[in-house]
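Okay, so here's the structure we're looking at.
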Amino acid sequence: MPTLVIGNKLYSSWSLRPWLLLRELAVPFDEILIPLDQPDTKAAILHHSPAGRVPVLVDGETAVWESIAIIEYASERFDIPVWPSNREARAMARSVAAEMHAGFQGLRSACPMNLGKRFASRDRGEDVDRDVARFSEIVNGMRHRFGQSGPFLFGAFTGADAMFAPLVTRLETYGIAVDPVTRGYVDAILALSSFQAWREAALREPWVLAQDEVDEEPVEVYRRAA
Ligand SMILES: N[C@@H](CCC(=O)N[C@@H](CS)C(=O)NCC(=O)O)C(=O)O
């Protein structure tokens, strides 16, 4: 069985992506969680991957890193429907997944993934607004063109949805308003039983990572005792 090496479920947005994908597409896997930002974190990750970052998928002698590469590897190795079967939809799914992998810096840096808290809505700056507008454009565009058969970007859950899931949680955490189509998509991701299982585990983690905590009073704190 492959092993997915991940970081804290409360904060590690990159780890969430392949974890969700493997769970949604019913690939059995073991999991190793390495708490981030501890004195031995780097050495522990380097034990699995020369890149020194999580997530890493270890499959026998093969270690695959970078979330998008793990998703592509899973598609081939486990013969699962990671991408839509229609060629045009597949090209769009890969394009938006890669766009997510390389972009959305404004939203990512101003609003770190933090599943344990909810903050009040407020102006978070132009870069965040631009990223949210682009995300909404993607959701509306893909849902309109390809989303008839289900609630996700291309109908059924795909690698593109796995890539956007952490962004979806940020909209929720930071109270960012979106249009009704985008809201419907956000709700569909948050309702996934795989996501809820991840979140449950996240809320039991003991670690607080200062670098991922914004300097604001939360309106709600969800964390539970471990
Ligand atoms: N582009 C990478 C990003 C991976 C990444 O930044 N991982 C963070 C955790 S979310 C990490 O490993 N941080 C630990 C470190 O840099 O020591 C991917 O897609 O997997």
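Out of all DSSP beta bridges with both ends in the chain, state the antiparallel percent to the nearest 5.
Looking only at bridges with both residues in the chain, the antiparallel portion is about 75 percent.
If I take every Cα pair under 8 Å that is 6 or more residues apart in segment 1-129, average their sequence separation and divide by the length, what percent do I get for the relative contact order?
This gives 24 percent for segment 1-129.
Can you tell which of 132, 168, 178 shows the greatest fluctuation in a Gaussian network model of the chain with Cα springs below 10 Å?
It is 178.
Once a ≥ b ≥ c are taken as the square roots of the eigenvalues of the Cα gyration tensor of segment 63-193, is the result rounded (a/c under 1.5), prolate (a/b larger than b/c) or oblate (a/b not larger than b/c)?
Taking the square roots of the gyration eigenvalues as a ≥ b ≥ c, segment 63-193 is prolate.
If I stretch the segment between residue 80 and residue 127 completely, what's the gain in nm (0.36 nm per residue apart, minus their alpha carbon distance), one decimal?
Working: separation 47, 0.36 × 47 = 16.92 nm, distance 3.57 nm.
Gain in length upon complete extension: 13.4 nm.
If r is the Cβ-Cβ distance from residue 98 to residue 134 and R0 is 22 Å, what FRET efficiency results, to the nearest 0.05?
0.95
Add -39500 (n - 2.57) for each DSSP H run of 4 or more in the chain, then divide by its residues: what number comes out at 222 nm, to the nearest 500 deg cm²/dmol?
-15000 deg cm²/dmol
Would you work out the relative contact order for segment 90-226, in percent, from Cα pairs under 8 angstrom that are 6 or more residues apart?
Relative CO of segment 90-226 lands at 36 percent.
Determine by what factor the alpha-carbon radius of gyration of the chain differs from 2.2 N^0.38 Å, reporting the quotient.
Values: Rg = 16.9 Å, N = 226, 2.2 N^0.38 = 17.3 Å.
Rounded to two decimals, the normalised Rg is 0.98.
Cut-off 10 angstrom, C-alpha nodes, Gaussian network model of the chain. Which of 57, 115, 25 fluctuates the most?
Its mean-square fluctuation being the largest, the pick is 25.
What shape does segment 1-64 have by the C-alpha gyration tensor, where a ≥ b ≥ c are the square roots of the eigenvalues, rounded means a/c under 1.5, and otherwise prolate means a/b greater than b/c and oblate the rest?
oblate
Please identify the GluC sites (Glu not before Pro) of segment 24-75 that satisfy two criteria: DSSP loop assignment and at most 14 other Cβ atoms within 10 Å. Which are they?
Taking segment 24-75 and a limit of 14 other Cβ atoms within 10 Å, the loop GluC sites (Glu not before Pro) found are 61.
Computed from the coordinates by the stated procedures, all read-outs in this text should not be read as laboratory data. Predicted model only: the values in this text are computed from it and were never measured. So basically every Cβ, Gly included, is an ideal-geometry build from the backbone, and we count neighbours across all protein chains shown.
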